[in-house]
1. Describe numerically, in nm with one decimal, the distance between label points set 7 Å from Cα along Cα→Cβ at residue 16 and at residue 72.
2. Over the range 16-87, give the accessible area per residue in Å² for a 1.4 Å probe, as an integer.
3. Can you pull the percent of the chain's accessible area that's carbon plus sulfur, 1.4 Å probe, other chains left in place?
4. Any idea what the relative contact order of the chain is, in percent, if you count C-alpha pairs under 8 Å spaced at least 6 apart?
5. Quick one: if the Förster radius is 35 Å, what FRET efficiency do residue 5 and residue 29 give, using the C-beta to C-beta distance and rounding to 0.05?
6. What Cys residues in the chain are without a partner cysteine, judged by a Cβ distance under 4.7 Å?
7. Helix-derived [θ] at 222 nm for the chain: sum -39500 (n - 2.57) over DSSP H runs of at least 4, divide by residue count, nearest 500?
8. Which three extents, in whole angstrom, do the alpha-carbon atoms of the chain cover along their principal axes, largest first?
Amino acid sequence: MSKCTHTGQIREVKPAARGCEECLQMGDTWVHLRLCMICGHVGCCDSSKNRHATKHFRSSHHPVMRSLEPGETWGWCYVDELELDFS
Ligand SMILES: [Zn+2]
Ligand SMILES: [Zn+2]
Ligand SMILES: [Zn+2]
């Protein structure tokens, strides 16, 4: 089984915003929220039309995010393409 090699980069982040930062600026809407575990950036998921969480990874190369949805503890490493468990 492959393992994420980026978990050492994870910090104790607090969500930087109450919603997707870019969508809030644009006045747009999102479906689900994702939290960057490196810097606390909040972005929208790939089911949202703007996909700001993935765009954040592309521009920042911060590899690990988690779901910011209540009750969801899963995360994702964009580099390894592995699901992570933050429960
Ligand atoms: Zn990884
Ligand atoms: Zn967004
Ligand atoms: Zn980040």
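The values are calculated or read from the model by the stated rules, or taken from the named source; none is laboratory data. All figures in this text were calculated on a predicted structure; none of them were measured in a lab. In this analysis, Cβ positions are derived from the backbone assuming ideal geometry, glycine residues included, and neighbour counts consider all displayed protein chains. Just the protein is used for accessible areas: all its heavy atoms, side chains included, with ligands, DNA and RNA removed. Shrake-Rupley method; radii C 1.70, N 1.55, O 1.52, S 1.80 Å.
1. Going from the residue 16 label point to the residue 72 one covers 2.0 nm.
2. 56 Å²
3. 49 percent
4. 24 percent
5. 0.50
6. 36, 39, 45
7. -4500 deg cm²/dmol
8. 41, 27, 22
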